[in-house]
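**Q** Provided herewith is a single structure, encoded as structure tokens, for subsequent inquiry.
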Amino acid sequence: MSKKIKLPKIGLGTMSANSKKAKAGLVKGIEIGFRFLDTAQMYFNEKVVGQAMKESGVPREEFILATKLWITNFSPKRVIKTTKKSLNRLGLDYIDMLYLHWPHRMGKINKTLDAMNKLVDDGLIKHIAVSNFTKAFIEKSINLSKSHIVANQVEMHPWLQQKDLLSHHDKLKVHIVSYFPLMHGRFMKVLELQQIAEKHNISAAQVSLAWIIAKGAIPIPKSTTESHLQDNFDVLKIKLDKKDIKLIDSITRVKRFANFPIISPKWDD
């Protein structure tokens, strides 16, 4: 049975990082200090991510490597088969955290979870996680899985604050990993972030990331540009005060960027 997982306070998203230039950026990110790397079968870049890990020279055990099963690979046979293919592309012996990328629309995931638990038992993955799961889906998954569901990766940022989900998952001891933490670049349009950035002489992007960390979630901003990578990692040195957090908490606009009718569940918000 998988045990609790200790995740870094910030990770590195890798969606679209599938070129030689992107690989060099990932290596630079690792050099800067990122150890939590997030990829997916659907990103078509697991090979690049694995090569970046190897070329960095950092010992494997220092990394938390997460990838995601795509929705067409949820049958037990395909869970096993495609995870082994992911391992082959990554060039790794094990995956630290394997996500279900989206919930099954019919909610039938018991056999999927059984197969993932077999991967845990066989030592091919260490932990089971999910992505884009609602409160009902996460509760069902926890009840069905022999191993604890350690994380739920969801869209979270100042325009989609996930207040109820944060409280709910905290009680269940499930980490929230935040994708799109920089709001697809819209952070520049958020006056509250700009005000706090000027106050602390930091960037609005850093304010958004620091707020997510302050709320107890783990942002995984995507970048392969050295200056942006450094700015993102330096967020670990930033601590917002109570007034800053309260100001961002007061934002009432709600905007979800990842909403796909074919695969999205009925969201809690």
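Bear in mind that the values in this text are calculations on the coordinates, not laboratory data. Bear in mind the structure is a predicted one, so any value in this text is a computation, not a measurement. Neighbour counts run over all protein chains shown; Cβ positions are idealised from the backbone, glycine included.
**Q** Along the charge dipole of the range 133-269, which of Ala205, Phe180, Asn232 sits closest to the positive end, that is, farthest toward it, with unit charges on the beta carbon of Lys, Arg, Asp and Glu (+1, +1, -1, -1)?
**A** Projecting each Cα onto the dipole axis, the largest value belongs to Phe180.
**Q** Okay, moving on. Roughly how many nanometres apart are two label points built 7 Å out from the Cα toward the Cβ at Ala136 and His184?
**A** Roughly 2.6 nm, to one decimal.
**Q** Under a 5 Å amide H to amide H cut-off, with H placed in plane at 1.01 Å, what residues pair with His148 once short-range neighbours are removed?
**A** Amide H to amide H, under 5 Å and 5 or more residues apart or across chains, His148 pairs with Ser2.
**Q** Distance between Cα centroids, the range 43-57 to the range 143-205: provide it in whole Å.
**A** Here the two parts' Cα centres lie 26 Å apart.
**Q** A further question follows. If you put +1 on each Lys and Arg Cβ and -1 on each Asp and Glu Cβ, how big is the dipole of the chain around its Cα centre, in Debye rounded to 20?
**A** Rounded to the nearest 20 debye, it is 680 debye.
**Q** List every residue whose amide H lies under 5 Å from the amide H of His157, counting only residues 5 or more places away in sequence or on a different chain, with H placed 1.01 Å from N in the peptide plane.
**A** none
**Q** So how tilted is helix 204-214 from the main axis of the chain? Cα-based, degrees 0 to 90, rounded to 10.
**A** The angle comes out near 60 degrees.
**Q** On to the next question. What residue among Leu7, Phe36, Phe257 has its Cα farthest toward the positive end of the dipole of the chain, where the charges are +1 on Lys, Arg and -1 on Asp, Glu, each on the Cβ?
**A** Sorting the options by dipole projection puts first Phe257.
**Q** Given the Cα atoms of the range 100-198, and with Rh set as the inverse mean 1/r over their pairs in the Kirkwood sense, what is Rg to Rh to two decimals? Mind showing how you got there, number by number?
**A** On the way: Rg = 16.2 Å, Rh = 15.0 Å.
That ratio is 1.08, to two decimals.
**Q** According to the square roots a ≥ b ≥ c of the eigenvalues of the Cα gyration tensor, what is the shape class of the range 7-59, taking rounded for a/c under 1.5, prolate for a/b larger than b/c otherwise, and oblate for the remainder?
**A** Oblate.
**Q** Okay, moving on. List the lysines whose Cα lies under 20 Å from the Cα of Lys146, skipping any in the same chain that are fewer than 8 positions away.
**A** Answer for Lys146, where 20 Å is the Cα cut-off: Lys3, Lys4, Lys6, Lys68, Lys77, Lys108, Lys111, Lys118, Lys126, Lys135, Lys171, Lys173, listed by chain and number.
**Q** Peptides 209-222, 254-267: what's the order by average Cβ count within 10 Å, highest mean first? Don't skip to the answer; put the middle values down first.
**A** On the way: 209-222: 22.6, 254-267: 11.2.
With the highest mean Cβ count within 10 Å placed first, the list reads 209-222, 254-267.
**Q** If you project the alpha carbons of the range 1-93 onto the principal axes, what extent comes out on each, in Å, largest first?
**A** Between the extreme Cα coordinates on each principal axis of the range 1-93 lie 38, 32, 20 Å.
**Q** Quick one: putting +1 on the C-beta of Lys and Arg, -1 on the C-beta of Asp and Glu, what dipole do you get for the range 1-99 around its Cα centre, in Debye to the nearest 20?
**A** I would put it at about 300 debye.
**Q** Rank these for me by crowding, Ser147, Ser86, going from fewest to most other beta carbons within 10 Å.
**A** Fewest to most other Cβ atoms nearby, the residues stand as Ser147, Ser86.
**Q** Can you give me the C-alpha center-to-center distance between the range 222-269 and the range 1-36, rounded to a whole angstrom?
**A** Cα centres, the range 222-269 to the range 1-36: 17 Å.
**Q** Once the Cα atoms of helix 76-90 and of the chain are each reduced to a long axis, what angle between those two axes, in degrees from 0 to 90 to the nearest 10, is obtained?
**A** 60
**Q** So what's the angle, to the nearest 10 degrees on a 0 to 90 scale, between helix 191-200 and the longest Cα principal axis of the chain?
**A** Orientation of helix 191-200: about 70 degrees from the principal axis.
**Q** Suppose every K and R has +1 on its Cβ and every D and E has -1 on its Cβ; what is the size of the dipole of the range 102-195 about the Cα centre, in Debye to the nearest 20?
**A** Values: 13 positive and 8 negative charges, 41 e Å.
Dipole about the Cα centre, nearest 20: 200 debye.
**Q** State the extension gain, in nm to one decimal, for the chain segment bounded by Thr72 and Phe257, taking 0.36 nm per residue of separation less the distance between their alpha-carbons.
**A** Net length gain for the segment: 64.3 nm.
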